[in-house]
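Down below is the structure, laid out as structure tokens.
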Amino acid sequence: MTGVALGVFLVALNVLMVELTLIRTFDILWYPNMAYLIITLAMFSFGLAGVYSSLRPIDEKANLNNRIAILSALTGIFALLLLPVLDNFPFDYKEIGVTTKHALKNFSVIYVFITIPFFLGGIILSAVFSKYSKQIQRLYFWDLVGAAIGCVILIPLLPKIGAAGLLFIACGLGFLASALFAENKIWKGIAVVVGLSIFIYPLTRDHYIEFEPHIDKRGLKTLKSGGHEVTVWDPISKIDIISYRELYKWIAYDGGSQTSYFYDFDGDYEKLLKDVPANVQRHFWGLIVLPSHYLKQNSEQEVLVIGSAGGQETKAALAYGASHVDAIELVGAVVDLGKGRYNDYIGGVMNDPRVNAQKGEGRSFLRNSDRKYDIIQMMSNHSSSSIAAGSGSLNTTYLQTAEAYMEYFTHLKDDGILHINHHIYPKMVNTAALGWKRLGRSDFRKHVVVFEVPNAQDNLPTTLIKMSPWTAEEIDKLTAFMHHPQTLVVNPLDPVKSYLSDDFFTGDFPQDIVDKAEYRIAPSTDDKPYFNFIRKGFAETAVNNETFTNDSVARLLNSRLQGGVPRDTIHLYVTAAASFVFALIFLFVPLLFSKAGKAKWENKKSFLSYFACLGAGFILLELVFVQIFMKLIGYPLYTYSTVIFIFLFGAGLGSLMSEHLGVYQPRRWKYAFIGVVVSALFIVAVHPWYFDVFLKMNTIVRIAAASALIFPLAFFLGMPFPLGILSVRDKVSGTIAWAWAMNGLFTVIGGFLSVVLSVQIGFKATVLVAIAIYLLAAFFFKRIYTEA
């Protein structure tokens, strides 16, 4: 039994590791929303394995372990086969409508091969749970603990071997799991040798195994063949450095999803400033990087740059006489490259004694600092990584919420300037206004300046918010500095000529404007941090000054349409449709064709509903708490890893202890559900106070504090699933596999619902929905238990 338990551990570890590896892979080959789409569709096959097993239930007399051993090895083999499949069947969604058949063929091949490892993993686990149902509490423990390890193993391995290398690790683990399940000693030996050999291979290489690119994002696919210099797999983003036109080094994040540059600089700031008016783009993205530094020049100014990337904002601060610069960058590999390999190339900017360049997350850094700044600057800063954001479906943007602006404002000096270049400035201004109002401040309009390129898709308008009111002299200086084509569109001294009405500056944004606007214009908050999710419909968006839909917003929305299909949200509609189709398959195929479905037994509907509730409720709580605890832990990747690990590990211990505590006894099973409800409500009630207590402590303490608060909930969440299996273990063969299918199906559907509900009603209300689902599960379990 020990070998079976450890085999379950490795299979679960492998499945989750492969899932996360593929998410990172498709972040790079495609984009995060498309990565979410294909992985979500593939994960349906994990539950589909339960449907298959319900139709072809295990033979109790057959040598199951040897069959599972073969399936485990195949799981590893098909994981590794994804490498040649992805290289030989590239998919670019832009080809749909041009070479549609070719594009759909390649997508179909990729999808089929991706589903196979998950399908086989599901077959293995459902078969083991069915045969050893009396030991379900212990086996479920090993399943969840394996998955917990699988979600954190990427952090140490990804930087060393890359995503493709992890597929070799997955293959090796598949063979090692096979050795644990197998009863044939010869095969055990062969599987161990093969597994260890494949496992070790990527660890011994001195360079990454690479995937061939699918989409020529920003021209990276073309340029990489000629000027590629270095690749680094950071846990947050994959970084490629490309030599470009002998002017700068292109820093390509995640295959070109985002861009920054290392600019060639000799360290002579005086010469730099003389060259700026005529050749600004030789040294910076443009004048938009410079206005706050220009105004504060030679005043011993202290500067914070959030998302310092290649160092252009840091260089601007130093050029205009900053006495201190904190340069914070989420992707540590970029900081390391700037301080090391490219230090001389960029003029030693990051190693300047006035500069503190470090890996970090902006809001987390601010919470741990008492320093007040003359300038806080952000240049279109967000992560392109699904894992880093904690969600690949609709990425959260915690640097653009009312609470984030409150942190910026409280860390600025009395005449300090917040300098942001980011798209959708009308929404950005009213979000900042809400933060301003919550701090008890007024007259916000007097503090806001916005420059934009008119009649164009300006994705980086310049927003400057000054803690003291702007003066006529300062506006004149800015206007002269930010010359054509930059235009002053929000003028604090002349509201009549400004694009935005007074409503944007009050902190009480009218609902009628929200309803009339062609895009989602309401302020963003930590409870609804989807700042970049602005689409309302499918139609092209026209410029409409009455609803504050300017050229930039309209063109941004329309650029995301392809043949009338919104590329930014299509993954949600496809997932919804797929969920409906798979729900019909998971429900009616076993019902009509399996022994379990055909057999007449009381409370069958309650049985199906119970496992559906568990799948949806668990994933809703898990994913929403990833977002809620982002505020406490700060680093997105660490938050994701911590919350998912504690949920799975704690649930595993809960499953194991439910056996020792006799939770299945008639008077005790209710405690599992009471524990879930009380623990979840406790977190919702105390987390604002709890976060305030720990926010200023170091990262390790914050992670420990988050783990301690989450663990009781996770512990109780591990009890309901094995309780359900025990309640139906004596039913007709195939019943447990059907339970596995329904749980898997609604885990995927619940993940989709977590996004929809979070956008519509916020995180806290979504937690209450999950609690209600667990109360409903308790009702269904009472019917099952009574009947058992």
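The values are calculated or read from the model by the stated rules, or taken from the named source; none is laboratory data. From a predicted model like this one, the values you see are computed outputs, not experimental measurements. Quick reminder, even Gly has a Cβ in these numbers, built from the backbone with ideal geometry, and neighbours come from all protein chains shown. For accessibility, only protein heavy atoms count, side chains too; no ligands or nucleic acids. Shrake-Rupley method; radii C 1.70, N 1.55, O 1.52, S 1.80 Å.
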Test each condition in (1) farther than 30 Å from Ala5 by Cβ; (2) crowded, with 18+ Cβ neighbours inside 10 Å; (3) of a type in the set (A, V, I, L, M) for Ala179 and report the one that comes out false. (1)
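For the stretch 226-236, which residues satisfy the criterion of being assigned to a strand (DSSP E or B), closer than 24 Å to Pro636 by Cα and aliphatic (A, V, I, L, M)? Break it down stepwise before answering.
Going residue by residue through the stretch 226-236, those that are assigned to a strand (DSSP E or B) are 228-233.
Next cut, closer than 24 Å to Pro636 by Cα only: 231-233.
Across the stretch 226-236, the qualifying residue is only Val232.
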Which one is farthest from Leu166 (Cα to Cα) among residues in the stretch 237-264 that are open to solvent by 10 Å² or more (accessible area, probe 1.4 Å), touching a residue at least 40 places away in the same chain (Cβ under 8 Å) and in a loop (DSSP other than H, G, I, E, B)? Asp264
Restricting the stretch 459-483 to residues that are charged (D, E, K, R) and touching a residue at least 24 places away in the same chain (Cβ under 8 Å), the residue that is most open to solvent (accessible area, probe 1.4 Å): Lys477
So the helices (runs of 4 or more DSSP H) completely within the stretch 484-599 holding 1 or more residues that are under 30 Å from Lys94 (Cα atoms), open to solvent by less than 60 Å² (accessible area, probe 1.4 Å) and among the β-branched types (Val, Ile, Thr) are 551-559, 570-593
I'm trying to understand the selection: among the residues of the stretch 3-35, which are crowded, with 24+ Cβ neighbours inside 10 Å and among the small types (Gly, Ala, Ser)? Gly7, Ala12, Ala35
Could you tell me which residue of the stretch 265-283 is farthest from Gly310 (Cα to Cα), considering only residues that are open to solvent by 60 Å² or more (accessible area, probe 1.4 Å) and not in a helix (DSSP H, G or I)? Asp268
Any residue that is out of contact with any helix residue (DSSP H, G or I) (no Cβ under 8 Å at 6 or more places or on another chain), acidic (Asp, Glu) and without any contact (Cβ under 8 Å) to a residue 40 or more places away in the chain - is there at least one of those in the stretch 517-537? no
Test set (1) buried (at least 21 other Cβ atoms within 10 Å of the Cβ); (2) over 24 Å from Phe141 (Cα atoms) - Gly724 fails condition number: (2)
Please give the number of the condition Lys696 fails out of (1) in contact (Cβ under 8 Å) with a residue 24 or more places away in the chain; (2) part of a helix (DSSP H, G or I); (3) under 30 Å from the mean Cα position of the chain (by Cα). (2)
Residue by residue through the stretch 683-705, note down the ones that are under 24 Å from Ile773 (Cα atoms) and either surrounded by 14 or more Cβ atoms within 10 Å (Cβ to Cβ) or in contact with a Ser or Thr (Cβ under 7 Å, 6 or more places away or on another chain) (or both). Ile683, Val684, His687
Only one of these is touching a strand residue (DSSP E or B) at 6+ places or on another chain (Cβ under 8 Å) and either under 30 Å from Ile96 (Cα atoms) or of a type outside the set (Lys, Arg) (or both): Leu167, Leu173, Leu223, Leu180. Name it. Leu223
Check Ile153, Ile96 and return the single one that is of a type outside the set (Ser, Thr, Tyr), open to solvent by 10 Å² or more (accessible area, probe 1.4 Å), over 26 Å from the mean Cα position of the chain (by Cα) and over 28 Å from Glu659 (Cα atoms). Ile96
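Let's see how each residue does on (1) touching a Ser or Thr at 6+ places or on another chain (Cβ under 6 Å); (2) outside any helix (DSSP H, G or I); (3) without any contact (Cβ under 8 Å) to a residue 12 or more places away in the chain:
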| residue | (1), (2), (3) |
| --- | --- |
| Pro159 | no, no, no |
| Phe175 | no, no, no |
| Val194 | no, no, no |
| Ser197 | no, no, no |
| Leu203 | no, no, no |
| Asp206 | no, yes, yes |
| Phe211 | no, yes, no |
| His214 | no, yes, no |
Only residues that are on the phi > 0 side of the Ramachandran plot and open to solvent by 10 Å² or more (accessible area, probe 1.4 Å): list them for the stretch 630-680, please. Gly662
Out of the residues in the stretch 734-788 meeting the condition of being among the polar types (S, T, N, Q) and over 19 Å from the mean Cα position of the chain (by Cα), tell me which one is least open to solvent (accessible area, probe 1.4 Å). Thr735
Tell me, yes or no, whether the stretch 601-621 has at least one residue that is of a type outside the set (S, T, N, Q), open to solvent by 20 Å² or more (accessible area, probe 1.4 Å) and under 30 Å from Asn459 (Cβ atoms). no
Filtering the stretch 99-130 for residues that are more than 23 Å from Cys171 (Cα to Cα) and either surrounded by fewer than 18 Cβ atoms within 10 Å (Cβ to Cβ) or in contact with an Asp or Glu (Cβ under 7 Å, 6 or more places away or on another chain) (or both) leaves a count of 7
Please give the number of the condition Pro454 fails out of (1) at pLDDT 95 or above; (2) surrounded by fewer than 23 Cβ atoms within 10 Å (Cβ to Cβ); (3) more than 14 Å from Pro291 (Cβ to Cβ); (4) in contact with a strand residue (DSSP E or B) (Cβ under 7 Å, 6 or more places away or on another chain). (1)
Taking only the stretch 44-63 into account, find how many residues are surrounded by fewer than 22 Cβ atoms within 10 Å (Cβ to Cβ), modelled with pLDDT of 80 or more and either among the hydrophobic types (A, V, I, L, M, F, W, C) or within 30 Å of Ile215 (Cα to Cα) (or both). 1
Please work out which residue is farthest from Lys296 (Cα to Cα), limiting yourself to the stretch 457-476 and to residues that are touching a Pro at 6+ places or on another chain (Cβ under 8 Å) and assigned to a loop (DSSP other than H, G, I, E, B). Pro469
Can you find even one residue in the stretch 426-447 that is within 19 Å of His484 (Cα to Cα) and buried (at least 23 other Cβ atoms within 10 Å of the Cβ)? no
